[in-house]
Amino acid sequence: MTNDDVPIGRRVARWRVRRSMTQQMLADRLRRSKSWVDKVERGVRALDRYSVIQELAHVLRVDPEVLLGQARSTPAGTPEGVDDIRAALARYDTPQASEQTEELRRQVGYAWLSYQHAHYGQLVRVLPRLLDAVQGARSPELLVQSYRITSSLLVKLGEADLGWLAADRAMSAARDDPILAATAAISVAQALRASNRDRLALTAALTAANRITPAPAHSRDHEVDGPFEDQSDRQPHDHRGGGRGEPQRSAGEWAVGGTLLLQAALAAAGGGESRRADELIDRAAGIAAGLRGYDDMHQTSFGPIAAKLARVVVAAQRGDAGEALQRHSTLVRREAWRRLPAEYRGAYLVDVARAYLQMGDVRGAARALVDADSVAPAEVRCRPLARTVIADVARGHPAPAGVARLANLVGLTH
């Protein structure tokens, strides 16, 4: 049994014994009865108010997080250093880099890992120097990857316009390379969506997707309201090439196209085009169904599970939270869910918390937020979007203990 599996009442009992206190002594200091303490320690009485947990922690001289079984590991609030990233993006006179290309490639790989593990504070400190180095090296591939990481991080931290600038730099760095341009378009679409420019995001993502994963002849992707056929069972062109005249594509390149289609679907849903969003996910699911064991060199995390999670988010966006949560409950039990990066799962769980709020299920929303915090703490504690959801859930009376704790960590309570 891990520390997180131990009931909170048993933790109270352990710390009481460590402090050489009897149940009566603890009860006296809390101004409660010995029976109340005994019931808490045996789990008969639930500790579901954070204010009570704080009071217990104060008497036992431990942090509330210790009693909750969740160690303080990630600071709350936007990490310092965004201004340093802004300054790095504003530099145009960067000298030739001294690092070798392979060393820079290693550093970019490290930055990707930091992002996927939601180590945002660490990444904020690393990026300014990395941006200077890759700008000096003038390698299109490394430039695009570094700008993509920068854009994704800035979007997470609520700096959507600055994220769009980094994404645009990635697009410029891609030059005439269609695959690099397509990966850069993923970041462009994300930044535009974060800026509530869903129509522009839809156009950017779908145009890029159609360049590398051409739509079937019967599809009408370029029409705003045109119907699509369900593509969920379609097998894409052997994943190595299309029809006559089409260039060959690797599985990883098809994954980029599928990711762009999911971005287009989310943008369509954000713009109120829920039917179109479903059809774009169908097309992405058709691509995902034919991918088997590819090397995710373009850092997309694309696959069947990504398409299924997108359906949950789209259903919630169109106001059908019941369908969204029904789909969600089955997906998170799958092995494919557990293989997704921590950042991906944390962000998705924040979206699920919003779906629970649509249903008026405050405790369900609280569970989703606490789960997100356990998977990727920075995803909950550093993102302005997550803070808004925490505030909405914390308005419940009494606020669920886990969310009351999060609200305290991010400075939403006094």
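Within the stretch 167-197, being closer than 23 Å to ASP351 by Cβ and of a type in the set (Gly, Ala, Ser) holds for ALA167, ALA185, SER187, ALA189, ALA191, ALA194, SER195. Of all the residues in the stretch 37-54, those that are under 18 Å from ALA399 (Cα atoms) and either within 32 Å of the chain's Cα centre (by Cα) or open to solvent by less than 70 Å² (accessible area, probe 1.4 Å) (or both) number 9.
Residues in the stretch 132-161 that are assigned to a helix (DSSP H, G or I) and farther than 26 Å from VAL380 by Cα: 11 in all. For ALA404, the criteria (1) among the small types (Gly, Ala, Ser); (2) within 26 Å of LEU56 (Cα to Cα); (3) open to solvent by 20 Å² or more (accessible area, probe 1.4 Å); (4) modelled with pLDDT of 80 or more hold in every case but one, which is (3). Residues in the stretch 314-333 that are open to solvent by 30 Å² or more (accessible area, probe 1.4 Å) and either closer than 15 Å to ASP278 by Cβ or not polar (S, T, N, Q) (or both): GLN317, ARG318, GLY319, ASP320, GLY322, GLU323, ARG327, VAL332, ARG333. Checking the stated criteria, SER146 turns out not to satisfy the condition of being of a type outside the set (D, E, K, R) and open to solvent by 10 Å² or more (accessible area, probe 1.4 Å). Checked against the criterion of being acidic (Asp, Glu), surrounded by fewer than 24 Cβ atoms within 10 Å (Cβ to Cβ) and modelled with pLDDT under 90, the stretch 344-353 has no qualifying residue. Among all positions in the stretch 120-137, there is at least one residue which is of a type in the set (S, T, N, Q), more than 24 Å from ALA372 (Cβ to Cβ) and buried (at least 18 other Cβ atoms within 10 Å of the Cβ).
Check whether at least one residue in the stretch 300-307 is closer than 22 Å to ALA182 by Cα, open to solvent by 20 Å² or more (accessible area, probe 1.4 Å) and not β-branched (Val, Ile, Thr), and report yes or no. Checked against the condition, which is being closer than 22 Å to ALA182 by Cα, open to solvent by 20 Å² or more (accessible area, probe 1.4 Å) and not β-branched (Val, Ile, Thr), the stretch 300-307 yields at least one hit.
The values are calculated or read from the model by the stated rules, or taken from the named source; none is laboratory data. Computed from a predicted structure; not experimentally measured. Heads up, the Cβs are rebuilt from the backbone with ideal geometry, glycines too, and the neighbour counts pull from every protein chain shown. Protein only, heavy atoms only, side chains kept; ligands, DNA and RNA dropped before computing areas. Shrake-Rupley method; radii C 1.70, N 1.55, O 1.52, S 1.80 Å.
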